[in-house]
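These notes are about the structure you will find just below.
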């Protein structure tokens with residue numbers, strides 16, 4: 001609600017009633033309000049009892065200093081306060097006028113309850129420039145034993161590393177978050193037809209029409225701080241850059257960084273580490289041409305307690321979390337780890353090594369898997385990083401890169417495995433150059449001096465496979481080799497040709513013409529996914545977690561696909577749009593609804609004139625449904641779903657005589673139609689008593705998995721009277737789902753056969769989905785969309801408005817144009833109104 005108010009204000013441009021704004025964070029309003037006034041060189045006077053509180057027993061200090069979240073403070077021009085109030089009332093957003101700015105440079109807080117002034121001071125005392133702090137710190141020498149790999153079995157190491165949480169699949173964490181809300185997401189974590197969470201970068205579109213966007217990527221190398229704190233800072237920045245390099249960013253200098261510092265300040269040795277790392281990061285950014293305009297810090301990362309008289313403590317290592325942001329030239333040109341399969345074109349994999357062959361194992365996932373740390377940490381040179389970004393950009397501009405994945409947690413082995421997982425193909429890797437030992441006569445030295453060189457041989461193999469030096473693996477066409485190696489060589493970057501995809505569905509590692517390791521892709525995928533599975537099994541419905549894990553073993557799974565019974569490029573609404581008439585549609589929302597912008601954009605492209613209609617507009621008489629030919633009830637969390645998904649929204653209609661009459665009249669008209677999506681679907685299902693022909697519709701309850709489900713899943717359009725799905729029957733295609741209560745529950749068993757089912761989940765083979773996650777909510781027969789006998793009213797749990805552009809979907813087949821097949825729905829509605 002706060003965000004809707006802010007958006008409504010800034011969208012007025014020069015007429016924006018907000019003069020200044022500040023979020024409420026550390027220190028609560030005791031920090032935010034003074035900073036708001038001080039930013040304009042003013043003082044301020046506030047009345048403490050104007051602050052909204054739920055607990056009347058709070059002391060003045062607690063009211064003034066508590067850090068309750070999701071609050072903003074803002075300065076509003078006095079003559080615009082009424083306008084601001086009207087916006088807040090429309091959005092049902094509570095606000096309070098706490099005071100006013102003054103010209104005396106003082107901060108005054110009065111308390112009418114106690115009749116006193118708890119704060120009365122000069123603003124400069126609170127926010128003036130304090131003297132520089134001088135801290136006397138000591139460095140702590142750390143002597144770590146070397147990480148010995150002599151007795152480690154390679155196969156065991158591969159499986160262990162894939163299970164380390166930093167390396168393993170994060171699927172359990174990703175699918176419970178709504179990644180498509182707003183309709184502008186162009187690249188989320190999921191990659192390819194099998195939806196593997198391996199993406200390097202997040203990309204969003206700047207609008208619903210163009211292809212410019214923004215990229216976001218993160219870098220973090222906290223374990224390295226146990227070995228070399230300064231190197232951990234440089235590597236965090238480097239990782240953010242090698243991640244964001246997957247997006248179409250024009251220049252390294254366009255990337256802006258945010259730094260989140262965490263340290264146990266005051267603990268022996270940690271202050272010195274923090275100072276050294278901040279200095280190293282500053283120098284690194286200057287040399288690389290990067291800047292860090294924003295950031296935050298948490299410097300109390302230590303906890304201590306007593307247990308039966310024994311002092312105990314946990315001290316977190318120095319951590320720098322770097323987030324990179326950059327404008328994107330073309331969101332369609334984002335590189336992913338999905339490989340072109342071996343039957344498509346002759347390709348090979350090339351490793352770009354920013355570590356220059358050092359292959360240090362300190363702080364690696366391999367070391368962690370064997371309860372070690374190591375003595376030498378990876379590091380990165382700013383000149384090499386700049387050259388890497390520049391060369392990669394040029395290669396992308398020439399369309400020479402087919403797939404891209406940065407080398408990070410788990411090293412080269414994890415990198416290539418994730419590329420294989422996303423592509424469902426095997427890989428044959430030759431490690432001779434990656435593991436080359438300059439102390440050997442040549443790569444066949446093992447055969448000449450096996451006794452003296454065996455130890456070094458093992459060291460080089462493990463270091464080459466599991467070192468987490470920065471770099472990337474790219475897939476290229478074999479015919480393009482010379483066009484790629486030339487720029488790399490000219491830039492002074494180390495590179496190695498390491499192998500190619502195979503059709504054996506196995507990961508095979510070769511050294512000196514001998515097979516060192518071989519395992520099926522499925523076995524490695526299950527090892528990589530096991531950590532996520534075990535967490536999900538404990539947290540969610542155990543049977544659902546088991547079904548999802550078992551599905552990984554299906555070697556015949558064809559993945560997502562599109563099988564269409566119509567041409568998605570055909571605009572069936574074009575003749576109607578050509579007339580210039582634009583029927584009015586109400587984009588209906590209630591507090592908590594968050595999918596109205598993308599819904600409006602879909603109908604606007606189909607030739608409608610969408611209007612933002614809040615339920616408060618209908619209640620106040622500012623809008624009337626009689627003025628609209630269409631109604632779209634949008635997704636989100638109306639009233640926080642505290643009364644059950646969509647129930648509070650529906651009851652606000654059913655129990656308000658004037659509103660009920662409006663909706664009944666709208667549904668009875670023969671020239672009206674309505675679409676309910678997600679929360680709007682749930683709400684309209686509760687309105688079934690006043691919707692003609694909806695008496696057999698189900699209600700929607702908690703997902704079988706007991707979790708919010710956000711996925712790209714397959715659905716089939718069934719033969720039905722729905723005007724919006726006209727001509728689409730028999731088509732099977734992916735669509736976005738994002739809901740926590742989508743399981744269709746019918747009052748009577750016979751209702752399933754009587755309801756006009758229009759949409760159902762299917763598995764990747766096109767059969768009705770009964771198992772999770774192909775059926776993400778456990779609905780009987782995969783039912784997820786219904787209509788009425790005359791087809792004018794359609795409800796569905798998936799989000800077609802978030803999948804109506806091909807760039808909105810995390811996977812689409814090659815050759816699909818701007819509009820995805822789901823755009824046909826909205827054009828069908830416009831055609832029906834002809």
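Just so you know, all these numbers are worked out from the coordinates, no wet-lab data involved. The structure presented is a predicted model; accordingly, all values stated were derived computationally and were not measured. All Cβ positions, glycine included, derive from the backbone under ideal geometry; neighbour counts span all protein chains shown.
With a 10 Å radius around each residue's Cβ, average the other Cβ atoms per peptide and rank 227-239, 777-789, highest first.
The packing order, highest mean first, is 227-239, 777-789.
Of (i) -0.58, -0.74, -1.02; (ii) -0.51, -0.66, -0.93; (iii) -0.47, -0.64, -1.03, which one was derived for log10 I(q)/I(0) by the Debye sum over Cα atoms at q = 0.06, 0.07, 0.09 Å⁻¹ from the structure shown?
Given (i) -0.58, -0.74, -1.02; (ii) -0.51, -0.66, -0.93; (iii) -0.47, -0.64, -1.03, the structure-derived one carries the label (iii).
Take the Cβ-Cβ distance between residue 127 and residue 304 as r, set R0 to 30 Å, and report the resulting FRET efficiency rounded to the nearest 0.05.
Numbers: r = 32 Å, r/R0 = 1.08.
For R0 = 30 Å, the calculated efficiency reads 0.40.
With N set to the number of residues, divide the alpha-carbon radius of gyration of segment 560-631 by 2.2 N^0.38 Å and report two decimals.
The value comes to 1.36.
Binned at 10 Å from 0, what are the whole-percent values of the Cα-Cα distance distribution for segment 269-320, short to long?
19, 39, 24, 12, 6, 1
Applying a 10 Å radius around every beta-carbon, put 538-545, 609-616 in order of their mean neighbour count, most first.
Peptide ranking by packing, descending: 609-616, 538-545.
Just rank 336, 794, 110, 117, fewest to most, by other beta-carbon atoms within 10 angstrom.
Neighbour counts put them in this order, fewest first: 117, 110, 336, 794.
Given 0.36 nm per residue, what is the gain on full extension from residue 719 to residue 113 after removing their alpha carbon distance, in nm?
Extra length from residue 719 to residue 113 when fully extended: 211.4 nm.
Quick one: order 123, 797, 196, 683 by neighbouring beta-carbon count within 10 Å, fewest to most.
Lowest count first: 123, 196, 683, 797.
Looking at segment 574-832, what % of its DSSP beta bridges pair antiparallel, to the nearest 5?
Numbers: 25 of 43 bridges.
The antiparallel proportion sits near 60 percent.
In what order do 296, 136 fall by count of nearby beta-carbon atoms within 10 Å, going from fewest to most? Show your work: numbers first, answer last.
On the way: 296 12, 136 5.
Going from least to most buried by this count: 136, 296.
In whole Å and largest first, what semi-axes does the C-alpha gyration tensor of segment 2-127 yield when each eigenvalue is scaled by 5 and square-rooted?
24, 18, 13
When the chain is fully extended, how far beyond the present Cα-Cα distance does residue 134 get from residue 250, taking 0.36 nm per residue of separation?
Numbers: separation 116, 0.36 × 116 = 41.76 nm, distance 4.15 nm.
So the chain would gain 37.6 nm between residue 134 and residue 250.
Which value, in nm² and rounded to one decimal, describes the direction-averaged projected area of the C-alpha convex hull of segment 448-597?
On the way: hull surface 82.1 nm².
With the hull built on Cα positions only, its mean projection is 20.5 nm².
Run the helix sum for the chain: -39,500 (n - 2.57) per DSSP H stretch of 4+ residues, divided by residue count, reported at 222 nm to the nearest 500 deg cm²/dmol.
So the calculated ellipticity at 222 nm is -8500 deg cm²/dmol.
Considering only DSSP beta bridges whose two residues both sit in segment 2-127, what percent are antiparallel, to the nearest 5?
Here the antiparallel bridges make up roughly 80 percent for segment 2-127.
Take every DSSP beta bridge with both residues inside the chain and express the antiparallel ones as a percent of the total, to the nearest 5. Don't skip to the end; give the middle numbers.
Working: 96 of 128 bridges.
Around 75 percent antiparallel, to the nearest 5.
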